[in-house]
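Okay, so here's the structure we're looking at.
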Amino acid sequence: MSEAIYQKLAEALNRRGAAYPAVPCPEFYALIKEFFTPEEAEIACGMPNNLATLEELRSCIPGIDGDRLEKHLESMADKGVVRVKEAAGKKYYELLPFVPGSIELQFMQGRNDERTRGLAQLLREYARALRNINVAASQAAAGTAPAARIIAVGREVQHLSTILPYEEVLKLIESTEYITAGTCVCRHQGDLLGRPCDKPKENMCMVFGESARFVAKYGFAHPVSKEEARRTIEEAEKAGLVHSYANTEDRAINLLCNCCGCHCFILRPLSRVPVPVQGVIAEWVSVVDEDRCNGCGACVDRCWMKALNLDGDRVVRSIDRCIGCGVCRYVCAADAIRLERRETIQS
């Protein structure tokens, strides 16, 4: 079949917001065909951007009878490309975004089988293609490459993750009724590709609220108590991991990742750009107390974004590079680093 339906599917996925866009290219087609058959892709393209009942979807997706449509939707939920919510005796279906969404659910179970290893390789190839596309776009903007080589990635397809400090994560845990946890997606992918990470990965991807009920029911992650969730966050803090939260107000996956800058496919490219703060929602920023700082440099080594540097015997912070994760505070023996709201900081 022509790849036209998968190009149309990329547009449908991007309309749902994505931290990692779906860009039509050979590598994307190879990856997305592992998730959707052509008929499932047709169904996905006809689904609205919000939750809908089977009856509502029948009117949106002509040419397929109700029983077959329901069978396909349940199969897509089993594969982690459609979310199911049950309320008041009814089922509601929603097409998940690419990231955060379908990609994470493929790896959260921690499987090491042929399909998962194949997906890890396809995802790596797509990541490389996307990086090359972005480089080509930058060169074209500078007048050094022909525009015909560019596949534009518009900002409208971006859905930025929110970087949460430790205290804010604890508030999130306390306020949430239902939490599930699974294997860290990025570090598990690294294991599958022979690039292991020494940071913890078990239970490091968490899903909250109604989304958590879905991923537990369909076997993508397991329920955890609030105390278990708090212990995981403590472990993440000790390891220097960044708490990255994708919250779409009961749409898609309310996902908290505890990320490393060496493997995370959001943080890793972010660390390479001049202004990392533009790639995430960073409501906090670190502030160094010059009177307390002893210039030990422990925080400099810990910062994934290279936002901290030693200037003589004191640490200085770049506000454009600081994403306000707060991992620097954990290793500051002098208690010289605090976090403040970004809007209160001038430089």
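Some points to look at:
- Restricting segment 103-135 to residues that are assigned to a helix (DSSP H, G or I) and among the basic types (Lys, Arg), the residue that is surrounded by the most Cβ atoms within 10 Å (Cβ to Cβ) is ARG124.
- Failed item in (1) surrounded by 20 or more Cβ atoms within 10 Å (Cβ to Cβ); (2) modelled with pLDDT of 90 or more; (3) assigned to a helix (DSSP H, G or I); (4) within 17 Å of the chain's Cα centre (by Cα), with ALA181 passing the rest: (3)
- If you filter segment 80-102 down to residues that are more than 23 Å from the chain's Cα centre (by Cα) and hydrophobic (A, V, I, L, M, F, W, C), you find that the one that is surrounded by the most Cβ atoms within 10 Å (Cβ to Cβ) is ALA87.
- Of everything in segment 184-208 that is surrounded by fewer than 17 Cβ atoms within 10 Å (Cβ to Cβ) and touching a residue at least 40 places away in the same chain (Cβ under 8 Å), the residue that is nearest to ILE233 (Cα to Cα) is GLU202.
- Within segment 22-39, considering residues that are among the charged types (D, E, K, R) and not in a loop (DSSP other than H, G, I, E, B), the one farthest from ALA10 (Cα to Cα): GLU39
- Consider segment 184-214 and keep the residues that are charged (D, E, K, R) and outside any loop (DSSP other than H, G, I, E, B). The one that is nearest to PRO276 (Cα to Cα) is ARG187.
- Against the list (1) buried (at least 21 other Cβ atoms within 10 Å of the Cβ); (2) of a type outside the set (Val, Ile, Thr); (3) under 30 Å from PHE98 (Cβ atoms), the condition SER286 fails is (3).
- Given (1) outside the structural domain of ARG314 (by TED's automatic domain parsing); (2) out of contact with any Phe, Trp or Tyr (no Cβ under 7 Å at 6 or more places or on another chain); (3) assigned to a strand (DSSP E or B); (4) not charged (D, E, K, R), index of the condition LEU256 fails: (2)
- For the condition farther than 30 Å from PHE98 by Cα and either in the same structural domain as VAL169 (by TED's automatic domain parsing) or under 26 Å from the mean Cα position of the chain (by Cα) (or both), LEU339 qualifies.
- Test: residue in segment 227-250 that is touching a strand residue (DSSP E or B) at 6+ places or on another chain (Cβ under 9 Å), farther than 30 Å from ASN49 by Cα, in contact (Cβ under 8 Å) with a residue 24 or more places away in the chain and not assigned by TED's automatic domain parsing to the domain that holds LEU164: no
The values are calculated or read from the model by the stated rules, or taken from the named source; none is laboratory data. All figures in this text were calculated on a predicted structure; none of them were measured in a lab. Note that each Cβ is placed from the backbone with ideal geometry, even for glycine, and that neighbours are counted across all protein chains shown.
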